[in-house]
Structures are given as C-alpha cells and as structure tokens.
1. Could you work out which residue, out of Glu309, Glu234, Glu179, moves most in a Gaussian network model of the chain, that is, has the largest mean-square fluctuation with Cα springs under 10 Å?
2. Could you rank the peptides 191-202, 122-133, 105-116, 40-51 by their average count of other C-beta atoms within 10 Å per residue, with the highest value first?
3. Above 32 Å lies some portion of the pair distances; for the chain, what is it as a whole percent of all C-alpha pairs?
4. Quick query: amide H of Ile3 versus all other amide H atoms, modeled in the peptide plane; which residues come in under 5 Å with a sequence gap of 5 or more or a different chain?
5. Return the FRET efficiency for the residue pair Lys5, Met194: r is the Cβ-Cβ distance, R0 is 30 Å, and the value is rounded to the nearest 0.05.
6. Report the FRET efficiency, 1/(1 + (r/R0)^6), for Asp295 and Asn75, where r is their Cβ-Cβ distance and R0 is 30 Å, rounded to 0.05.
7. If I stretch the segment between Arg32 and Lys240 completely, what's the gain in nm (0.36 nm per residue apart, minus their alpha carbon distance), one decimal?
8. What does the extension gain come out to for Asp288 and Thr123, with contour length at 0.36 nm per residue minus their alpha carbon separation?
Amino acid sequence: MEILKVNNLRTYFNTTHGLIKAVDGVSFNLRRGETLGIVGESGAGKSVTALSVMGLAARLGAGVTDGEVWYAGKNLLENPTLYDSVRGRRISLIPQEAGSALNPVLTVGKQVEEMLRVHLSLTSREARSVISRLLESVELPDPGLTARLYPHQLSGGALQRVLLALALCCEPDIIIADEPASSLDVTLQAQVLMLIRNTKARQGLSMVLIAHDLGVISQNSDRVLVMYGGRVLEAGPTPKVLGGPLHPYTMALLEIYRVMDQGMGEVSLTRAYPPNLYGNNRGCVFADRCQKAADLCWAERPEPQPVGEDRVVACHLVETESSHE
Ligand code: SF4
C-alpha cells in the first residue's frame, strides 16, 4: 500500500539565463515500509525533488512548483499550510551536509529540544529524558555529553547520527534521507547506513534514500528511480533495474560505477557535458550523451512507459524494441 504519491512534480527556477527545469514531470509512489532509492549524477534533480516533496522549493528560490504530493489522502502542494503539521512530524528530512544543517550556535541538546517543543509541545523538563533516549537510540556513546556539545565539536559520523535523531524525534512515518553518509569515509558510511537500515526496520518507517552511489542504492533500497536532467528515466525493483538495466543512461551509470570501482580510469560519459536544463528541450534529455540517439530522440521527448511488471523506462529505443517483441 502506498504511503506517499507524487504526480507530475515540476520545480522551475527563473534565472538571468532563462528558465531552469530542475524537476520536470517527476512521478513516483512510496509503499509503506519500503525504501525507494533515487540515484543519478549531480544536477539530476534528486535533492530538488526531495525539497519539493517537503514543500521547501520556494526557499531555494523556485519560481514554479507544480504537481501533486499526496499524503494521508491530501494533496500537500494544493494546500501548503498542511505542511505545518506534516513536515518534521510525519515526514522528516535528513538533509545533505550534516555540518551546515545544524545551527552552529546551539548545543545538540538545545536543537533536539527545539524540535520537541515546536512539534510535540514538550516542556524543557519533559524533553530532557526524550533527548537522552533519542541520542542513545542512534548509538551515540555518551548521550549526556553529546547533548551539551556544539556541532563543531562532533565528528562527521556523530553529526550524521544527530541528524538521524532529529529526523526521528517526532516518530515520523516517512524519512527522506538526502545523501545521508556521502561525506563520510567508507567505514563510517557503512556504519551510518546500517544504523539507518536497522532503525527503519525497527520503527516500521518508509524511506526515500537519495544517493549518487549505485552501491549505496543497491544495498539499501527495494525499488529505485534513475533520474537525469530533472526527469525519471528508469524505475523499478532495484535488483531488476541494476541487474538488467534497460535505459542507456542506467547502463552508462553502471559502467561508470564498474570502471571506477576497479580503478580503471574514465569512461566516455564522465567526459561529456552535464544535461542542459534550460528552456524547451523538446527531445530526450539524454540525447547529447547517448550513443544510440536517433532523429526521433531529438524531436520528441520520451515519457516513462510501463515495461514489464512494476517497471517504467523513458526511451524511444526501448519502446520500439518492446513493441517488436
Ligand atoms: Fe538514447 Fe534516444 Fe533512448 Fe534518449 S530516447 S536514451 S537519446 S535512445
């Protein structure tokens, strides 16, 4: 059963160089208890998608946010005041960059207390025991001491655990984790991801996990959306999409991952330009970099089409091939 449904989400920015379509018609659903991965290169629109779902795109300066975000039977984008009771309470965000996400002049304890006061109306006294329990639940070694420290006094791994504690403090239904461990070294990253996985299972959470690392997505998600140029190019169960990619971009991403993982240098895609997000690109957003691009690809935008069970692909080539089967 789905707990969150996003339809045709669009987030555009007006700039002096023209309109940037950072998120351009993204649709997906999140099922109760699952982890949905969103993967793609920098600039794919992953983080803007997360912030748009949270109703925060205007704070980034977005001129247009359109589409539908359905939660608990209501379209949040249609009535933004609904976000006051949902954001941070029912849907929490673990933002990128743990170091800058926290207030540098407040102790960790004060920042958790603030969340508990605002969202759950707890007094400072009531909050104290909750803070200690929360910090302990994210496996911080000395919760009492950590609560008295300022963000700059914590290591990267500890900061990431504090962000998870903040996201959990109102017992949300959904967590959107935006690159939750990408700034950490490999060992710490594995520890934080395992903590998130265990916490999610223990509390029965549903999760959207954003990452550029295919390894992180492969090990931590049930289904995956592959994004590029603000659009979803392929989506489906993670083992199927990453084990048997259909879209040329997913294939290229996997090739990059394989080559870099083996320390074999570059592949052609890594030397190409990122997507052009300006204006009215009529064709496929990946056409500039796709070795299979044909005339139709430049003229007509491929929309995500169902291909097999629980899977969609936005590529003219795949449409043609499947119609010949
Ligand atoms: Fe390549 Fe054309 Fe498919 Fe786009 S639609 S990914 S350009 S083959």
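Quick note: the coordinates plus some simple rules give every number you see, no bench work behind them. Computed from a prediction, not measured in an experiment: that's the story for all the values here. Note that each Cβ is placed from the backbone with ideal geometry, even for glycine, and that neighbours are counted across all protein chains shown.
1. Highest fluctuation among the options: Glu309.
2. Numbers: 191-202: 16.8, 122-133: 15.0, 105-116: 19.2, 40-51: 22.3.
Listed from highest to lowest mean packing, they are 40-51, 105-116, 191-202, 122-133.
3. Values: 16295 of 52650 pairs.
That tail contains 31 percent of the Cα-Cα pairs.
4. Leu30, Arg31, Arg32
5. Values: r = 29 Å, r/R0 = 0.97.
Calculated transfer efficiency: 0.55.
6. Details: r = 39 Å, r/R0 = 1.29.
Efficiency, rounded to the nearest 0.05: 0.20.
7. Numbers: separation 208, 0.36 × 208 = 74.88 nm, distance 2.02 nm.
Stretched out fully, the Arg32 to Lys240 stretch lengthens by 72.9 nm.
8. Working: separation 165, 0.36 × 165 = 59.40 nm, distance 5.67 nm.
Taking 0.36 nm per residue and subtracting the Cα distance, the gain is 53.7 nm.
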